[in-house]
Amino acid sequence: MLLAVVVAVLGACSGPGVKDGPGDRPVPTDIPDAQPRVEPRSRYGNPPFYDVHGRRYYVRASARGYVERGLASWYGTKFHGRRTSSGEPYDMYAMTAAHRTLPLPSYVRVTNLENGRSIVVRVNDRGPFHANRIIDLSYAAATKLGIAERGTGMVEVRAIVPGEDEPPAHATAPPEHPPRLYVQVGAYALRSNAQRVLRRLQAQRIEGARVMSTQVQGRRLFRVRIGPLRDLEAADSVMSRLSAAGLREYRVVID
C-alpha cells in the first residue's frame, strides 16, 4: 500500500527516461485555458504527506488562499502519455501543471512576471522536485506563457477556487516594474541572527549579500538576501556556491 501511494504521488515528473524536450507539433496559438470547475479530490496523489529525495512535503487541505512567486519550469516528451500523480495520462498539449503541495486537482492562474502573460492551468501532477522551482507547466502552458524556449521563467501562481473566484482577464502588457530576483538564505526575528549569517556569506566571498528589514503581519523580520541577480543562471550559480559552503536553507524569491 505504501509503495502504491509513493508511486501515485511521484507520477510523471520524477521518473527516469529519455531526454525531455518540446513536442513534434506546434502548440495552437488559440489553445484555450483550463476552465475551473468543481471536482472531487483525486483518489491518487493526495496523501497527508510524502517524501522525495530526503525531503517531506505536506499536501494542503485546500488551495484556497494560495499565492506564491518563484520560478516555473516545464516538462514535455519525456513524460507524454505517462501516468500523472492523479492517475490521469500526462498530455503535454493540455493546459495542466504539476505542484508539490496543492491538492489534486486544483486550478491556478500563472502570470509571467517578465512579459505580463497570464494563463489558467489545471494541476493534476506532483513536482517539480528540482530545487527552487515552484511549478512545472505542461509544454503547451509554457509555450502560451512564453517560457518554453528559455526553459524557466519568473512567475506568480495564484489559486482559483471554482465557484468562488472568477479568473481575471489576461494580462498582455509587460509589468511596469521588472521583477527583482534574489536568493534568500533566511529570515530572522533578531537582527543579530541575520548579521551572523551575513558574516558567514561574506567569509565565503559571496557578493551581493545583505540584510533587508521588512514587516510581515505586524512582525519585524530581517531577511538575508543575495541580489538582485541579473538572471536565473546567476541564481543557480549562487545556489551552487551556497550548497558547496554547506548552506542548505535557501530559496529563490521574487519581488
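Any read-out appearing in this document is the output of simple, stated calculations on the displayed coordinates, not a laboratory observation. As the structure is a prediction and not an experimental result, all values here were calculated from the model. Counting neighbours? That spans all protein chains shown, and the Cβs are built from the backbone with ideal geometry, glycine included.
Observations
- Loop-located trypsin sites (Lys or Arg not before Pro) in region 168-255 (DSSP state not H, G, I, E or B) with no more than 15 neighbouring Cβ atoms inside 10 Å: 180, 205, 230, 248.
- Charge tally in the Cβ shell below 14 Å around residue 253, where Lys, Arg are +1 and Asp, Glu are -1, residue 253 excluded: +3
- Each Cα pair under 8 Å and six or more residues apart adds its separation to the average, and for region 77-144 the resulting relative contact order is 37 percent.
- Distance between the modelled labels on residue 30 and residue 241, one decimal in nanometres: 5.0 nm (7 Å Cα→Cβ projection).
- Each Lys or Arg adds one and each Asp or Glu subtracts one; over the other residues with Cβ under 15 Å from the Cβ of residue 100, this totals +2.
- Shape metrics for the chain, restricted to C-alpha atoms - Rg then Dmax, Å: 18.8, 56
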